[in-house]
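Please read the structure below before turning to the comments.
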Amino acid sequence: MFENREKRTELSELGEFKLIDRLTKNVANRQKSTILGIGDDAAILNFDGKQVLLSTDLLIEGIHFDMSYMPLKHLGYKAVMVNISDIAAMNGTPTQIAVGLAVSNRYSVEALEEIYAGMLLACLKHNIDLVGGDTTSSTSGLMLSITVLGEAAPKDIVRRSTAKSGDLIVVSGDLGAAYTGLLLLEREKEVFAKDPSIQPELDSYPYVLERILRPEARVDMVMRFADMDLIPTSMIDISDGLASEIMHLCEESALGCQLYEDKIPIDPQTVTVAELFNIHPVTCALNGGEDYELLFTVSQNDFEKINGQGEFYIIGHMTETGSPKSLITTSGEAIPLTAQGWDGIKKDDKA
Ligand SMILES: [Mg+2]
């Protein structure tokens with residue numbers, strides 16, 4: 001429904017080589033580490049003393065995204081953003097991507113150009129080179145696989161497994177918004193299915209919709225850390241909800257934790273929409289997903305560096321090996337955290 005209706009070029013009209021030429025005609029290389037990008041059998045990269053970070057994500061139509069409300073340009077943008085978020089979560093700088101794309105003939109050349117336009121916009125924003133990929137046909141739907149490379153000096157790389165007891169747990173922004181945005185989109189889709197003449201009522205909640213449709217990877221935080229001379233003791237990006245991500249840090253670092261319900265940052269618009277759907281906003285933050293904020297731990301010795309900085313929210317602390325992973329509620333009760341992630345919440349909703 002978001003395809004450009006003015007012109008439709010069938011994939012079969014072009015053939016693979018011409019298609020690749022057309023999709024990659026706006027690709028430009030900006031990274032020093034890119035020696036050779038698209039155009040040969042493989043890209044040539046040189047990271048010159050840095051360590052290389054690599055991560056892959058696969059997005060499947062109907063599983064990870066829904067074409068009925070995901071504009072193609074947004075899909076391309078988001079696919080790149082969620083990948084580079086994983087590099088940011090290692091405290092690295094994203095540098096190159098390679099793109100695998102499989103599509104059915106339901107998609108036109110113009111539709112694929114929209115996806116590429118979104119991907120290249122994300123690349124431009126973060127100075128990333130698109131250095132390779134493959135395009136092929138699929139029998140049904142669209143599959144998009146992106147591999148991202150990043151770089152970091154060995155001393156700067158932050159893992160999940162290196163938190164210490166007593167470290168502060170910090171998050172880079174508000175949580176739960178993307179999930180409430182998804183709830184709105186799902187509801188509008190149902191309304192539209194029943195009566196296509198009804199126009200979606202989405203204008204009242206721009207922030208939560210932007211969070212689900214156009215997430216931003218927090219590469220800016222990596223630069224902030226460098227400016228502040230701060231290296232987190234452990235880090236992860238929030239793709240599956242706060243509860244499951246903090247449990248990853250706890251398990252990988254063999255520690256417990258205490259999170260404080262009243263410290264979890266939640267935007268007022270998220271609260272409004274959550275209440276519209278009769279869901280506790282904190283549940284959206286804990287068990288929703290796709291906020292792509294960074295969740296990290298810092299030594300208490302670094303408290304002064306982050307204290308009073310608007311973009312750092314201290315939400316708890318790590319506790320000793322063997323101690324529970326708990327949420328301390330507003331009333332002071334300790335509730336065990338459970339790793340109910342993104343998929344879990346979706347299943348429960350449909351049950
Ligand atoms: Mg991740």
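Working ranking of peptides 30-36, 99-105 by packing, defined as the average number of other Cβ atoms within 10 Å per residue, highest first, is 99-105, 30-36. Here the calculated FRET efficiency for Ser204 and Ser68, from their Cβ-Cβ distance with R0 = 25 Å, stands at 0.80, rounded to the nearest 0.05.
Among the GluC sites (Glu not before Pro) in the range 1-67, those located in a DSSP loop and surrounded by at most 10 other Cβ atoms within 10 Å of their own Cβ are Glu6, Glu10. Kirkwood radius and radius of gyration were both taken over the C-alpha atoms of the range 11-155, and their ratio Rg/Rh is 0.97. Taking the centroid of alpha carbons for each part, the range 105-119 and the range 30-98 are 17 Å apart.
Descending by average beta-carbon neighbour count within 10 Å, the peptides 227-234, 246-253 line up as 246-253, 227-234, the highest first.
Taking a cut-off of 18 Å, what percent of all Cα-Cα pairs in the range 216-262 are separated by more than that? That fraction is 44 percent.
Applied to the range 275-292, the Karplus parametrisation 6.51 cos²θ - 1.76 cosθ + 1.60 on θ = phi - 60° returns per-residue 3J(HN,Hα) values of 5, 4, 9, 6, 10, 5, x, 5, 4, 4, 5, 6, 10, x, x, 6, 7, 6 Hz, with x for Gly and Pro. Loop-located GluC sites (Glu not before Pro) in the range 170-246 (DSSP state other than H, G, I, E, B) with a sparse environment of at most 11 neighbouring Cβ atoms within 10 Å: Glu201. Normalising by residue count, the range 184-337 has a Cα convex hull of 134 Å³ per residue. Run down the lysines and flag those whose C-alpha is under 25 Å from the C-alpha of Lys50, throwing out any fewer than 8 positions away in its chain. Lys50 reaches Lys32, Lys125, Lys155. Counting only residues at least eight positions apart within a chain, or on another chain, the aspartates and glutamates with an alpha carbon under 14 Å from that of Lys164 are Glu251, Glu252, Asp302, Glu320.
All Cα-Cα separations within the chain were binned at 10 Å from zero, giving a P(r) of 5, 24, 30, 25, 13, 3, 0, each value a whole percent of the pairs.
Take every pair of alpha-carbon atoms less than 8 Å apart whose residues are at least six positions apart; their mean separation over the length of the range 183-289 yields a relative contact order of 28 percent.
A short reminder: the numbers here are calculations on the coordinates, not readings from a lab. All values reported here derive from a predicted model rather than from experimental measurement. FYI the Cβ positions are ideal-geometry reconstructions off the backbone, even for glycines, and counts take in every protein chain you see.
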